[in-house]
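Below: one structure, written as structure tokens.
The values are calculated or read from the model by the stated rules, or taken from the named source; none is laboratory data. Since this is a predicted model, take the numbers as computed values, not measurements. Glycine also receives a Cβ, built like all others from the backbone with ideal geometry; neighbour counts cover every protein chain displayed. Calculation scope for accessible area: heavy atoms of the full protein, side chains included, ligands and nucleic acids excluded. Shrake-Rupley method; radii C 1.70, N 1.55, O 1.52, S 1.80 Å.
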Amino acid sequence: MEPRNQTSVSEFLLLGFSQDSVYQPLLFGLFLSTYLVTVLGNLLIILAISSDSHLHSPMYFFLSNLSFADISFISTTVPKMLVNIQTQSKSITYAECITQMYFFMVFGGMDTFLLTVMAYDRFVAICHPLRYPVIMNPQLCGLLVLMSWFISLSYSLIQSLLMLRLSFCTNWVIPHFYCELAKALTLACSDTLVNHILLYMVTSLLGIVPFSGILFSYARIASSILRIPSANGKYKAFSTCASHLSVVSLFYGTGLGVYLSSEASSWGGMITSVMYTMVTPMLNPFIYSLRNRDIKRALQNILGRTLYVQ
């Protein structure tokens, strides 16, 4: 059989988790619950921040953007996977696959940049508290978010356009539950050198540069906290960045697990991908709400008003 090029590609096949139909209802229920909890939790964070004037500060502005990115991030993969499980189909059209790759890279990049910006915000708040309102002004906060969007959208668009020029062989099976760029590149018959160079270069930059910025910020934060004389003062200073530090650890820990997984079709690779794409966005609102009295107060006010109206 002659290899067919990209003009004849109509769909890819996503192997997913289990070939056994007995486990499909369990997987459907598990992933649907995860998705609904993630969307609801992050929507509540956005609603709490927007409705409470006390939360109109740079830290919560970045947090609301992170919640939006998390909702969008999980929405690029889980709904299609749920449809495939429900219909017992493994197909995804060529256009859907490229679109899924694009938005997965966009919102994954946004998570990376927003966590870095939030680390810088905590650095300014703890190391330069008197200058915080001047440094973290609305113009700078808006510019940082716009720059994050611009870089994420630009890289994702370039990588997606490079995918469109490739020719594919007759093997269109992607051993994953979503259209992962690296796995899709292995199916191409044409030269993918440029794609791989861009992939590894930008992955390194998006991984190393933001993470280095986070490490630098927390190194300075730790140095400032250690100089605080009272134990109570140290605890208060640390508590302001504990939630963000927990989210960063979870995000980069699961992301590193995905990157180091040599076999994405193995259960180990699948589990780390689930942790990265589903569990991390689901846990973020819980981490911030459980450790933040301002968020909890805003959520209680929202729930109180809802119950009062009913």
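Descriptive notes on the structure:
- Qualifying residue in region 8-22 (condition: touching a residue at least 24 places away in the same chain (Cβ under 8 Å), surrounded by 21 or more Cβ atoms within 10 Å (Cβ to Cβ) and closer than 27 Å to TYR252 by Cβ): yes
- Failed criterion for ASN137 (all others in (1) within 18 Å of the chain's Cα centre (by Cα); (2) under 25 Å from ALA298 (Cα atoms) hold): (1)
- In region 39-93, residue nearest to the chain's Cα centre (by Cα) [restricted to those that are part of a helix (DSSP H, G or I), closer than 27 Å to PRO175 by Cα and hydroxyl-bearing (Ser, Thr, Tyr)]: SER72
- Pair list, Cβ < 7 Å and 6+ apart or interchain, from region 150-177 residues that are within 27 Å of MET278 (Cβ to Cβ) and modelled with pLDDT of 80 or more to residues that are part of a helix (DSSP H, G or I) and among the charged types (D, E, K, R): ILE174/LYS183; PRO175/LYS183; HIS176/LYS183
- Residue match in region 56-71 (condition: of a type in the set (Asp, Glu) and over 20 Å from MET275 (Cα atoms)): no
- Taken over region 194-208, the criterion of being without any contact (Cβ under 8 Å) to a residue 60 or more places away in the chain and either hydrophobic (A, V, I, L, M, F, W, C) or surrounded by fewer than 12 Cβ atoms within 10 Å (Cβ to Cβ) (or both) is satisfied by VAL194, ILE197, LEU198, LEU199, TYR200, MET201, VAL202, SER204, LEU205, ILE208.
- Number of the exception - CYS179 against (1) crowded, with 19+ Cβ neighbours inside 10 Å; (2) part of a helix (DSSP H, G or I); (3) of a type outside the set (Ser, Thr, Tyr): (2)
- Residues in region 212-224 that are buried (at least 19 other Cβ atoms within 10 Å of the Cβ) and of a type in the set (A, V, I, L, M, F, W, C): ILE214, ILE221.
- For region 33-54, the tally of residues that are farther than 13 Å from LEU303 by Cβ, of a type in the set (A, V, I, L, M, F, W, C) and open to solvent by less than 60 Å² (accessible area, probe 1.4 Å) stands at 5.
- When LEU205 is tested against (1) modelled with pLDDT under 85; (2) in contact with a Cys (Cβ under 6 Å, 6 or more places away or on another chain); (3) hydrophobic (A, V, I, L, M, F, W, C), only condition (2) is not met.
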